[in-house]
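Accompanying notes for the structure given below.
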Amino acid sequence: MGWFKKLIAGFRRRDEKDLYDEEWDDEEVVHQVDYTNKEQRNDYVRNCLERMADATRELENLTFEYDMVTSYLKDMEEIEALPPEESEQLKECAKRVSQLQDSKADFMERPHRISDEKYQQIERMLDEVDEGYAKLTEAEEYQDRIKQDLNRLDGEKHAYLYRKNEVMRLISDTRGMAIICVVALGLCILLLLFLQFFLDMDTKAGYLVTAAAAAFAITVIYVKHVDARKELHRVETGINKIILLQNKVKIRYVNNTNLLDYLYLKYGVSSAKELIDLWENYKIEREEREKFRKAELDLDYNEQELLQMLKRYQIKDPAVWLHQTEAILDHKEMVEIRHNLIIRRQSLRRRMDYNKEVVAGGSQKEIKDLVEKYPQYAKEIMASVEEYEKKFAK
């Protein structure tokens, strides 16, 4: 806004002279603008004023940044000019802050042993972990025993079924052997009858031998058949007992499985081992988090101490040095930062000069030149400037 005040003051000094005594060249054109055309003239003046306003705003921002950079450089000079004893105290404090900041950064970046969700879950059931682990272990061991029983019973059942098939084949075989014996006996009798009546042979001995052989064979076959029947009954009885035992064990298996599912759901795990691993990791994580919490308190305390020390040394922006402790500890780092700040300040200075001299100064000169060349429009131009200044001030 200073540019507008200077420009208006210049116009007022100009008005004190006899502007209308100057000659005006009707055919002179500047920047391809017809200054005799009110609309084009106003647009040209407005454009100059807007460029001055933009330059003024930019100058304000650049000046603020320039002052801030200059303040940083002065702070650096104050720190480097400290007496040896005070400088050593400052470095000790900065070293503690730097170490604690590094520890905090390491903790934040390291992979956690367990997730926050699992950590909070274990915290909610601290008093139940031991009991839960005991229940899960007991249920899992019982589940293993039930599976072993089921496997053993299944093996016995298959053995009985195999034996049953063997006995069924034996029964079938004895039936076949009995039929064969009866058929053989009939053929022998027919042969003996043929020999007796058609060939007039004495067949008494043959009848006796045939009868004795048939009696022996049928007796043996009958005994085997009866034994097989008894064995089949015993095997079927054994199979039924095994099936009854399997049903009982399966009921236990289902009940124990449901119990395990409930316990897994309750403790948010899939096994007792996972629960105890979570518990061990939780204890380590809790200890590390407690150390981190204490380190954060120490960091906060030492940062406040560093701030107080810097304030005592008349440092204008002490908070900046909380993140630049390396510069306090290492002279090379301080030199590097100073070099960067000087480059920044030079860049800001060039931009300030450009906006002040080229943009704002050039626009101001254009308006003044316009007033001098066209004095009959001086009051109108000054009115536009004053109006724009009021708008800009808002």
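Every read-out reported here was derived from the displayed coordinates using simple, explicitly stated rules and does not represent laboratory data. Since the model is a prediction, treat every value here as computed from it, not as a measurement. Backbone-built Cβ (ideal geometry, glycine too); neighbour counts: all protein chains shown.
Taking label positions 7 Å along the Cα-Cβ direction at both residue 54 and residue 148, the computed distance is 8.8 nm, reported to one decimal. From helices alone, the chain scores -29500 deg cm²/dmol at 222 nm; the rule is -39500 (n - 2.57) for each run of n ≥ 4 DSSP H residues, then divide by the residue total. Between residue 189 and residue 270, the distance separating the two model label sites (each 7 Å from Cα on the Cα→Cβ line) works out to 7.7 nm.
Neighbour counting of Cβ atoms within 10 Å sorts the residues 229, 350, fewest neighbours leading, into 350, 229. Taking a straight line from the alpha carbon of residue 135, these aspartates and glutamates sit under 13 Å away, with near neighbours fewer than eight places off in the same chain left out: 261. Cross-link pairs exceeding 27 Å between alpha carbons, from the set 74/332; 104/283; 118/248; 157/273; 104/273; 147/241: 118/248; 157/273; 104/273. Restriction of the chymotrypsin sites (Phe, Trp or Tyr not before Pro) in segment 163-210 to DSSP coil positions whose beta-carbon has at most 12 other beta-carbons within 10 angstrom yields 198. For segment 237-243, putting each phi into the Karplus relation 6.51 cos²θ - 1.76 cosθ + 1.60 with θ = phi - 60° gives couplings of 4, x, 5, 4, 4, 4, 4 Hz, in residue order, rounded to whole numbers and with x for Gly and Pro. Match the structure shown to one of the listed values [x] 2.62; [y] 2.06; [z] 0.96 of Cα Rg over 2.2 N^0.38 Å, computed from it, and give that label. Answer by label: [x]. Taking the number of Cβ atoms within 10 Å of each Cβ as an exposure proxy, the fewest-first ranking of 112, 331, 225 is 331, 112, 225. Between residue 71 and residue 290, full extension at 0.36 nm per residue minus the direct alpha carbon distance yields a gain of 74.9 nm.
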